[in-house]
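Asks: Below is the structure I would like to discuss, written out as structure tokens.
What follows draws every value from the coordinates through simple rules; no lab data is involved. Since this is a predicted model, take the numbers as computed values, not measurements. Cβ: placed from backbone, ideal geometry, glycine included. Neighbour counts: every protein chain shown.
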Amino acid sequence: MLNQEQWAKKDLEYIWHPCSQMKDYEHFLPIVIDHAKGTVLTDVNGKTYLDVVSSWWCNLLGHCNPIISRAVKNQLDQLEHVIFANFTHKPAIKLCEELAQIVPKGLCKFNFMDNGSASIEAAMKMSFQYHHQTGNPQKVKFMALSDAYHGETLGALGVGGVDLYSEMYKPLLLDTIRIPGPDCYRCPKNLNRETCQAECIDQAEHYFAQYANETAAMLVEPLLQGAAGMKIYPPIYLRKIRELCTRYQVHLIADEIATGFGRTGTMFACEQAEITPDIMCISKGLTGGYMPMAITITTQCIYDAFYADYLEGKAFMHSHTYSGNPLGCSAALAVLGLFAEEDILSQTKAKAPVFHQMVVEALSEHPNVGEIRTIGLINAIELVANKETKEALDSKNRTGYQIYKEALNRGLLLRPLGDVLYFNPPLTITEEEMKQAVAHCKAAITAILG
Ligand SMILES: *Cc1c(COP(=O)(O)O)cnc(C)c1O
């Protein structure tokens, strides 16, 4: 039997890990996870880690949730996969029937993908083709917010605004109209996100007036810009973006990949702004983090623009081999079943203020904690060099990364976004686990920053 270190070295002979400078692994070996249960990961040496980032935001209802596992096992012996053009199956039909009841009103047609980036690209192609087929072929561009993240394939990266991921590939990317988005911690108008009326929408108004005629769609992450550093903005901003899109005949594409399924306290973040996007992308929590699956959901109106005799050439010719995979659908159905039977949303709403209070009590006094912001069970801690001026830490010091390693030693899996630490735990996290997580986080911050 190999131990953790031996497995890790074997890993490094072969595996090129995502989003990693592999040289970092020389001094910090990959952690070889043997099994997991609920919020806890256990490595091959038996050391445990609290997974408060939901393994990249996808694990929604705990690892190896017995109900979801059972559903997938049952499906596995029934039908593992089938071609999804001309063919279909009960899990996909039932899933869409159930989703149709809970997505924002008006969304009713479901196109299956196998990852979030693909669902964004499908949404962009759908919007572009819609305009082309309804007399607006000049609408070929996309608008997106500064610091947006919509995935990392070339099309999705082209609408993203986080330089860390896109800078290198600029020559390959779409020419996106970039709208300076809300920045509530460092509000340029010195307002407060609890009471403002999204006065910063004037930026978007300016860009819409100038570019809407050539724009097919605007993409947004509703209420929470995740990869940007868990930046949170108020629903009124989203409502105003919806109004601009309607006024200027620009589709609104809501990227609910990170925010969907209760992450912001409601099933979908769009609900808090009481809006319906023209296209909505969901993934991550959809299968509880069990299977790679995503869905691009749209309206009857958009669907109808593609519905014609074959020879008119209006079909949406987009496909992925694993579209509509039955195992993914069965996991998603189990997730929706749990939301209904165990009233996950009410539980989340009850837990959120308790967790936030713990984080605030433990960390708000620290001189390097600039802001603690929260939505749903998500709590983000932005570390700064100076609390008064909100001056950022020197990124060369990789403070977040140092804290990450320190926290791992203590059995906590944080994975900071630069110098923003955050918790985005499974919605099933217990109060005891929240306490432990906050205590380990505090200890790790103290160990690095004093
Ligand atoms: C994760 C994520 C994506 C990309 O999904 P992948 O499955 O990683 O391709 C897109 N948008 C948002 C908001 C995300 O959080």
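Asks: Looking at segment 40-66, which of its residues are touching a Phe, Trp or Tyr at 6+ places or on another chain (Cβ under 9 Å) and away from the ligand (no atom under 16 Å from the Cβ)? Working first, answer last.
Replies: Quick first cut of segment 40-66, residues touching a Phe, Trp or Tyr at 6+ places or on another chain (Cβ under 9 Å) only: 40-44, 52-53, 58-61, 65.
Answer for segment 40-66, where residues must be touching a Phe, Trp or Tyr at 6+ places or on another chain (Cβ under 9 Å) and away from the ligand (no atom under 16 Å from the Cβ): Val40, Leu41, Thr42, Asp43, Val44, Val52, Leu61, Asn65.
Asks: Count, please, the residues in segment 382-418 that happen to be under 16 Å from Lys442 (Cβ atoms) and either without any contact (Cβ under 8 Å) to a residue 60 or more places away in the chain or aromatic (Phe, Trp, Tyr) (or both).
Replies: Selection size over segment 382-418: 10.
Asks: Being farther than 25 Å from Ala216 by Cβ and more than 12 Å from the ligand (Cβ to nearest atom) is the filter here, so list the residues in segment 279-310 that pass it.
Replies: Gly288, Tyr290
Asks: Among the residues of segment 109-131, write down those that are among the charged types (D, E, K, R) and more than 16 Å from the ligand (Cβ to nearest atom). Break it down stepwise before answering.
Replies: Of the residues in segment 109-131, the ones among the charged types (D, E, K, R) are 109, 114, 121, 125.
Within segment 109-131, just Lys109 meets the criteria.
Asks: Still on this structure, I have one more. Does any residue of segment 324-343 turn out to be within 16 Å of the ligand (Cβ to nearest atom) and among the polar types (S, T, N, Q)?
Replies: yes
Asks: Quick one: is Gly265 in a loop (DSSP other than H, G, I, E, B), away from the ligand (no atom under 16 Å from the Cβ) and farther than 22 Å from Cys441 by Cα?
Replies: Working: in a loop (DSSP other than H, G, I, E, B): yes; away from the ligand (no atom under 16 Å from the Cβ): yes; farther than 22 Å from Cys441 by Cα: yes.
Yes, satisfied.
Asks: A further question on this structure: Sort out which residues of segment 268-299 are more than 22 Å from Cys200 (Cβ to Cβ), in contact with a His (Cβ under 9 Å, 6 or more places away or on another chain), assigned to a loop (DSSP other than H, G, I, E, B) and not charged (D, E, K, R), and write them in order of number.
Replies: Correct list: Gly289 only.
Asks: Let me ask something else about it. Which residues, counting only those in segment 303-337, are surrounded by fewer than 19 Cβ atoms within 10 Å (Cβ to Cβ) and in contact with a strand residue (DSSP E or B) (Cβ under 7 Å, 6 or more places away or on another chain)?
Replies: Passing the criteria: Tyr303, His320.
Asks: Right, something else. Here is a check on your reading of the model: is Arg415 surrounded by fewer than 18 Cβ atoms within 10 Å (Cβ to Cβ) and out of contact with any strand residue (DSSP E or B) (no Cβ under 6 Å at 6 or more places or on another chain)?
Replies: Working: surrounded by fewer than 18 Cβ atoms within 10 Å (Cβ to Cβ): no; out of contact with any strand residue (DSSP E or B) (no Cβ under 6 Å at 6 or more places or on another chain): yes.
No: the conditions fail for Arg415.
Asks: For segment 415-449, give me each residue that is within 19 Å of Gly38 (Cβ to Cβ) and part of a loop (DSSP other than H, G, I, E, B).
Replies: Passing the criteria: Arg415, Asn424, Pro425, Pro426, Leu427, Thr428, Ile429, Thr430.
Asks: What about Gln129, is it part of a helix (DSSP H, G or I) and farther than 26 Å from Asp419 by Cα?
Replies: Working: part of a helix (DSSP H, G or I): yes; farther than 26 Å from Asp419 by Cα: yes.
Criteria met by Gln129.
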